[in-house]
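The values are calculated or read from the model by the stated rules, or taken from the named source; none is laboratory data. These numbers were taken from a predicted model, which means no experiment stands behind them. Heads up, the Cβs are rebuilt from the backbone with ideal geometry, glycines too, and the neighbour counts pull from every protein chain shown. When the accessible area is computed, the model is the full protein with side chains, heavy atoms only, and any ligands, DNA or RNA have been set aside. Shrake-Rupley method; radii C 1.70, N 1.55, O 1.52, S 1.80 Å.
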Amino acid sequence: MSGNTFGVLFRVTTFGESHGKALGAVIDGCPPNLGLGEADIQAELDRRKPGGHNASTSRKEEDRVEILSGVFQGKTTGTPIALVIANRDAQSAAYEDMRDVFRPGHGDYTYFNKDGIRDHRGGGRASVRETAARVAAGAVARKLLACEGIEVVGYTLEVGGIGINSWSRDAIGANRLLCPDPAAAKRMEQKLEEVRSEGDSLGGIVEVRVTGCPAGLGEPVFDKIDADLAGALMSIGTVKGVEIGAGFEAARMRGSRCNDPIGPGGFETNHAGGVLAGITTGQDILIRAACKPIASIAMEQETIDARGNPAKISVRGRHDACVIPRIVPVCEAMVCLVLADHLLRQNAIRKKA
Ligand SMILES: Cc1cc2nc3c(=O)[nH]c(=O)nc-3n(C[C@H](O)[C@H](O)[C@H](O)COP(=O)(O)O)c2cc1C
């Protein structure tokens, strides 16, 4: 199965499964002399880690990252950076009765039909565990972006249909759902608790905002930056839709409203979400990911086994009730990877004077 490598100049390959020995990433193309230590990466991994939230799985993984190569005396050397994270709390026995049964909403059915073999333990490569490798690589990309003053912040816009009514940057870090509206965060928490006690799950919407991004990133025509950003977010499990700027709402606007007027001081609105013709405008980039409800639910559901016989399934084990908030740092990481790649590509064709 190919497709485990991402990016053109800042190139990341991830490896590993949920219940294997370890997972990790190899980054090829990171420039030399970037200050980098395990603590930089660990800080990001700790944000994604399971167990910190009551909407979250109770699998207790330390997610301790080790840098195996590519860093010398606290600086990148320009050689491949290998990052590894051991799996320590995999409890494969919990998955034994799902060995031959396809869990609805998961990749069990499609993996089996594609390869004729699948690692049933914890979802294998389709598991959320795989996203730890993305977050580790994204932390390196984030350091590169910080040198250029580019900042990437993700937050929760919606959980189970409950949306935000206000936006405060300070509020994001002050509640466990990473929601910019504290009052909405409380309502989201209540709904999550309710649904979890019924053995069910919820979906939600995450927004990522990029500030400080220069104009000019993005490569016409197939590597437009919005196309790459959408692909990057869609590659995360549970993401079913992506919007940039006005997104689907743009289809309901008139051109006179949707166009962002340009004055002497720059753009006056940002319906474009910071991207025109696949190239960054220099405004904030705004991108949203719609996440489906967690597939593993305790409620009984209908399915089939590998021989096509009808079966009933109730998914035991340790699962999130909602992909939010753990998916937020994963979305940020994917955005960081796309931006780092395009930054290097733009620098390669147009060196700063
Ligand atoms: C941060 C995060 C946490 C997740 N946690 C779970 C979980 O606890 N249980 C589960 O069934 N799926 C979980 N998933 C989703 C699976 O990884 C899997 O990709 C998904 O069910 C398949 O959906 P897809 O069709 O969108 O790829 C999680 C995904 C992410 C990104």
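In debye to the nearest 20, how big a dipole does the chain give about its Cα centre with +1 on each Lys and Arg Cβ and -1 on each Asp and Glu Cβ?
260
Using a Gaussian network model on the chain with a 10 Å cutoff between Cα atoms, which of THR110, THR76, THR281 fluctuates the most?
Taking springs between Cα atoms under 10 Å, the residue moving most is THR110.
In terms of modelled amide H atoms, which long-range or inter-chain residues lie less than 5 Å from the amide H of GLY237?
Amide H neighbours of GLY237, under 5 Å, 5+ apart: none.
Given 0.36 nm per residue, what is the gain on full extension from ASP97 to ALA250 after removing their alpha carbon distance, in nm?
This chain segment gains 50.4 nm when fully extended.
Report in % the part of the accessible area of the chain that belongs to carbon and sulfur, leaving out ligands and nucleic acids; probe 1.4 Å.
53
Pulled fully out, how much extra length does the chain show between ALA39 and PHE222, if you take 0.36 nm times their separation in residues and subtract their Cα-Cα distance? Provide the component values of the computation, followed by the final result.
Working: separation 183, 0.36 × 183 = 65.88 nm, distance 3.60 nm.
That pair, ALA39 and PHE222, stretches by 62.3 nm at full extension.
Would you list which aspartates and glutamates come within 13 Å of LYS75, measuring only between C-alpha atoms, while excluding same-chain residues fewer than 8 positions from it?
Excluding near neighbours in sequence, the set is GLU38, ASP40.
What length, rounded to one decimal in nm, is gained on full extension from GLU268 through to ARG169, with 0.36 nm per residue of separation minus their alpha-carbon distance? Walk me through the numbers on the way to the answer.
Numbers: separation 99, 0.36 × 99 = 35.64 nm, distance 2.17 nm.
Full extension from GLU268 to ARG169 adds 33.5 nm.
If the elastic network links every pair of Cα atoms under 10 Å, which of ARG252, ARG64, ARG209 fluctuates the most in the Gaussian network model of the chain?
ARG252
Might you tell me the accessible area per residue for region 1-40, computed with a 1.4 Å probe and given in Å²?
Heavy-atom accessible area per residue stands at 49 Å².
Using a Gaussian network model on the chain with a 10 Å cutoff between Cα atoms, which of SER127, SER18, SER256 fluctuates the most?
Judging by the Gaussian network model, the answer is SER256.
To the nearest 20 debye, what is the magnitude of the charge dipole of region 232-347 about its Cα centre, counting +1 on the Cβ of each Lys and Arg and -1 on the Cβ of each Asp and Glu? If you can, show how the numbers build up before the last one.
Values: 12 positive and 11 negative charges, 65 e Å.
Around 320 debye, computed over region 232-347.
In Å², and per residue, what accessible area does region 210-326 have when probed at 1.4 Å with the other protein chains present? Could you put the intermediate results ahead of the total?
Numbers: 5830 Å² over 117 residues.
Here the residues of region 210-326 average 50 Å² of exposed surface.
Explain nothing, just the number: relative contact order of the chain, from Cα pairs under 8 Å at least 6 residues apart, as a whole percent.
Details: 750 pairs, mean separation 77.6, N = 353.
Relative CO of the chain lands at 22 percent.
Name the long-range amide H neighbours of CYS179: under 5 Å, sequence gap of 5 or more, or other chain; modelled H, no Pro or chain starts.
HN-HN under 5 Å from CYS179: THR156.
Calculated FRET efficiency, ALA215 and ASP89, Cβ-Cβ r, R0 41 Å, to nearest 0.05? Please list the in-between numbers first.
Values: r = 45 Å, r/R0 = 1.11.
Computed FRET efficiency for ALA215 and ASP89: 0.35.
Based on the mean of other Cβ atoms within 10 Å per residue, sort peptides 168-176, 29-37, 233-241 so the most packed one is first. Could you put the intermediate results ahead of the total?
On the way: 168-176: 14.0, 29-37: 15.8, 233-241: 17.4.
Going from most to least packed, we get 233-241, 29-37, 168-176.
Over the heavy atoms of GLU61, what accessible area does a 1.4 Å probe trace out, to the nearest 10 Å²?
Accessible area of GLU61: about 10 Å².
Filter the DSSP H helices in the chain by two things, a Kyte-Doolittle mean of at least 0.0 and an axial alpha-carbon span of 30 angstrom or more, and list the hits by number. Could you put the intermediate results ahead of the total?
On the way: long enough: 327-349 (34 Å, 1.30).
Span-like helices in the chain: 327-349.
Which sequence of ILE304, ILE287 reflects their accessible areas, 1.4 Å probe, from the largest down?
Order by accessible area, largest first: ILE304, ILE287.
To the nearest 500 deg cm²/dmol, what mean residue ellipticity at 222 nm is calculated for the chain from DSSP H runs of n ≥ 4 alone, each contributing -39,500 (n - 2.57), summed and divided by the residues?
Mean residue ellipticity, 222 nm, calculated: -8000 deg cm²/dmol.
Which of LYS143/LYS186; LYS143/LYS191; LYS191/LYS240; LYS49/LYS114; LYS143/LYS292; LYS21/LYS312 have a Cα-Cα distance over 28 Å?
Too far apart for the 28 Å limit: LYS143/LYS186; LYS143/LYS191; LYS49/LYS114; LYS143/LYS292; LYS21/LYS312.
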